[in-house]
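Accompanying notes for the structure given below.
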Amino acid sequence: MADINLTVNGRTVSGTCEDRTLLVQFIRENLGLTGTHVGCDTSQCGACVVHIDGKAVKSCTMLAAQADGAEVLTIEGLASGGELHPMQAAFREHHGLQCGFCTPGMIMTAVDMVRRHGGQLDEKTVRHELEGNICRCTGYHNIVKAILAAAEEMGAGAKVAAE
Amino acid sequence: MYATTYHRPKSIEEAGQLASEEAMYLSGGQTLLPTMKQRLAAPESLIDLRHIDELKGISVEGRKVRIGAATTHFEVASSDALAKVCPGLCHLASLVGDPAVRHMGTIGGSIANNDPAADYPAGLLGLGATIITNQRSLSADAFFTGLFETALEEGELVTAVEFEAPEKAGYAKFRNPASRYAITGVFVARLGDGSVRVAVTGSGADGVFRHSGMEEALAGNFAAEAIDGTTVDAGALMSDLHASAEYRANLVKVMAKRAVQDAR
């Protein structure tokens with residue numbers, strides 16, 4: 001068994017799980033944070049994307065034991081004080097979701113994208129960077145629109161602030 | 001996934017001591033963990049390499065490049081120092097998987113697995129790189145031996161790769177849109193001594209291979225049209241549901257031309 005100590009959404013948490021437990025299982029089942037979804041379970045669909053030490057990773061393709069000691073940010077940690085994160089607000093505003101299953105992963109990927117590119121995102125880059133996130137409802141158009149709008153709002157300062 | 005025991009060594013030496021017939025090294029895990037989930041691999045223990053500092057980082061001194069085995073695809077793709085001397089390899093790394101996969105997957109893990117459709121085997125074979133392990137160093141030509149096969153012995157660990165930056169190099173990849181692996185990928189490098197190396201991934205029935213006909217043609221004239229006169233033998237290529245051997249044979253030439261055109 002593995003003793004896991006993590007900082008999740010700014011809060012120190014610990015738990016015990018099997019060495020083979022996937023990070024996504026630990027987040028959902030041990031911590032009860034079910035915003036992170038399991039879609040394909042084969043690292044294709046991106047519904048399980050969380051940030052580990054500031055970088056987007058697929059939590060279905062990482063063991064909880066590998067993440068021991070890391071800082072984890074999940075979809076539940078994005079909003080602050082009841083105020084939606086600009087990326088969440090943009091997805092709502094631009095109707096960037098239909099069934100919503102892929103949305104947590106889309107948003108975590110999108111926030112990471114803005115962190116790396118700052119406000120200089122264009123449509124081509126967004127579409128290319130979404131290659132690891134699959135949505136079966138929207139046709140992606142409104143997701144792309146939402147990310148571009150949020151990137152603009154978060155501004156060029158986003159990249160610098162994150163680094 | 002079957003039960004396994006997780007280890008987190010802090011040094012190459014400690015990792016080597018944990019190695020055994022039943023253990024596997026776990027680098028980024030982007031191939032190994034999915035394989036374990038499918039129960040196609042069931043190591044009794046996993047030796048995590050992500051916390052060994054001496055396996056990480058990129059150093060460029062003059063034209064000499066050294067990349068630690070646990071350096072991620074993202075780090076290779078976004079290295080300014082590497083982009084100055086070998087942008088072709090940065091480009092190759094930027095085409096592996098997707099952004100989240102590139103944050104975890106590593107160069108050492110990719111070459112130790114030697115998937116016949118992976119990108120790095122073509123890059124390192126094309127660069128004539130040297131693979132450094134915890135026991136020896138060997139040429140890329142000697143390292144990649146077949147489908148998912150390398151010259152690595154039981155417990156031997158890739159620690160770094162080294163190469164002399166080429167005069168120019170390019171990589172062109174025809175991707176499977178679902179898996180993002182190469183249906184065909186070709187890495188072309190013109191080295192400092194004027195010789196040319198052409199390495200092909202995604203196509204060979206025995207994994208990554210060099211194409212000597214193209215190498216000779218390009219050494220005489222480093223231009224896409226030099227490839228027109230070469231032939232690719234479909235008999236040595238893979239056929240699967242994604243592409244027939246004949247289609248791949250055509251793709252090898254097309255990708256080689258694009259790699260030459262894009263070479264920087």
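Taken over segment B:178-192, the criterion of being part of a strand (DSSP E or B) and small (Gly, Ala, Ser) is satisfied by B:182, B:185, B:189.
Residue B:23 fulfils the conditions (1) small (Gly, Ala, Ser); (2) in contact (Cβ under 8 Å) with a residue 12 or more places away in the chain; (3) open to solvent by 20 Å² or more (accessible area, probe 1.4 Å) except for a single criterion, (3). Listed here are the strands (runs of 3 or more DSSP E) enclosed by segment B:1-103 that have at least 1 residues being of a type in the set (Val, Ile, Thr), more than 9 Å from chain A (Cβ to nearest Cβ) and more than 21 Å from residue A:62 (Cβ to Cβ): B:58-61, B:64-68.
Quick one: is residue B:65 open to solvent by 10 Å² or more (accessible area, probe 1.4 Å), outside the structural domain of residue B:193 (by TED's automatic domain parsing) and at pLDDT 95 or above? No, not satisfied. Only a single criterion out of (1) open to solvent by 70 Å² or more (accessible area, probe 1.4 Å); (2) within 30 Å of residue B:222 (Cβ to Cβ); (3) among the aliphatic types (A, V, I, L, M) is not satisfied by residue B:147, namely (2).
Among the residues of segment A:27-42, those identified as free of Cβ contacts under 8 Å to residues at least 40 places away in the same chain and not aliphatic (A, V, I, L, M) are A:28, A:29, A:30, A:32, A:34, A:41, A:42. Looking at segment B:169-177, is at least one residue surrounded by fewer than 24 Cβ atoms within 10 Å (Cβ to Cβ), without any contact (Cβ under 8 Å) to a residue 24 or more places away in the chain, within 14 Å of chain A (Cβ to nearest Cβ) and assigned to a loop (DSSP other than H, G, I, E, B)? Taking every residue of segment B:169-177 in turn, at least one turns out to be surrounded by fewer than 24 Cβ atoms within 10 Å (Cβ to Cβ), without any contact (Cβ under 8 Å) to a residue 24 or more places away in the chain, within 14 Å of chain A (Cβ to nearest Cβ) and assigned to a loop (DSSP other than H, G, I, E, B).
Taking the conditions exactly as written (of a type in the set (Phe, Trp, Tyr), open to solvent by less than 60 Å² (accessible area, probe 1.4 Å) and closer than 22 Å to residue B:131 by Cβ), does residue B:209 satisfy them or not? It is true that residue B:209 is of a type in the set (Phe, Trp, Tyr), open to solvent by less than 60 Å² (accessible area, probe 1.4 Å) and closer than 22 Å to residue B:131 by Cβ. Within segment B:138-145, not a single residue is more than 24 Å from residue B:215 (Cβ to Cβ) and away from every other protein chain (no Cβ under 14 Å).
Condition check for residue B:43 on (1) open to solvent by 30 Å² or more (accessible area, probe 1.4 Å); (2) closer than 20 Å to residue B:158 by Cβ: one failure, at (1).
Looking across segment B:116-137, the residues that are open to solvent by 20 Å² or more (accessible area, probe 1.4 Å) and closer than 23 Å to residue B:214 by Cα come down to B:128, B:130. Regarding segment B:217-224, can at least one residue be identified that is of a type in the set (A, V, I, L, M, F, W, C) and crowded, with 24+ Cβ neighbours inside 10 Å? Scanning segment B:217-224 turns up at least one residue that is of a type in the set (A, V, I, L, M, F, W, C) and crowded, with 24+ Cβ neighbours inside 10 Å. For beta carbons closer than 7 Å, sequence separation of 6+ or different chains, a first residue in segment B:103-131 that is closer than 11 Å to residue B:144 by Cβ and a second that is at pLDDT 95 or above and among the charged types (D, E, K, R), the qualifying pairs are B:114/B:149; B:125/B:141; B:125/B:210; B:129/B:162. Residues considered: A:34, A:21, A:16. Of these, the only one that is open to solvent by less than 60 Å² (accessible area, probe 1.4 Å) and at negative phi is A:21. Scanning segment A:13-33 for any residue that is within 11 Å of chain B (Cβ to nearest Cβ) and part of a strand (DSSP E or B) turns up at least one such residue. Inspect segment B:80-96 for any residue being under 11 Å from the mean Cα position of the chain (by Cα) and open to solvent by 10 Å² or more (accessible area, probe 1.4 Å) and give the result as yes or no. Yes: segment B:80-96 contains one or more residues that are under 11 Å from the mean Cα position of the chain (by Cα) and open to solvent by 10 Å² or more (accessible area, probe 1.4 Å).
The criterion of at least 1 residues that are more than 14 Å from chain B (Cβ to nearest Cβ), crowded, with 18+ Cβ neighbours inside 10 Å and of a type outside the set (Ser, Thr, Tyr) is met by the following helices (runs of 4 or more DSSP H) wholly inside segment A:68-138: A:86-93. Across segment A:52-67, the number of residues qualifying as open to solvent by 10 Å² or more (accessible area, probe 1.4 Å) and either hydroxyl-bearing (Ser, Thr, Tyr) or more than 9 Å from chain B (Cβ to nearest Cβ) (or both) comes to 2. State yes or no: is residue B:5 open to solvent by 60 Å² or more (accessible area, probe 1.4 Å) and in contact (Cβ under 8 Å) with a residue 40 or more places away in the chain? For residue B:5, the condition - open to solvent by 60 Å² or more (accessible area, probe 1.4 Å) and in contact (Cβ under 8 Å) with a residue 40 or more places away in the chain - is met. Just one of the numbered conditions (1) surrounded by fewer than 21 Cβ atoms within 10 Å (Cβ to Cβ); (2) polar (S, T, N, Q); (3) within 13 Å of chain B (Cβ to nearest Cβ) is not true of residue A:43: (1).
The values are calculated or read from the model by the stated rules, or taken from the named source; none is laboratory data. It should be emphasised that the depicted structure is a prediction, and the values quoted were computed from it without experimental measurement. Because the Cβ atoms are built from the backbone with ideal geometry, glycine has one as well, and the counts that use them run over all protein chains shown. Surface accessibility is based on the protein's heavy atoms, side chains included, excluding ligands, DNA and RNA. Shrake-Rupley method; radii C 1.70, N 1.55, O 1.52, S 1.80 Å.
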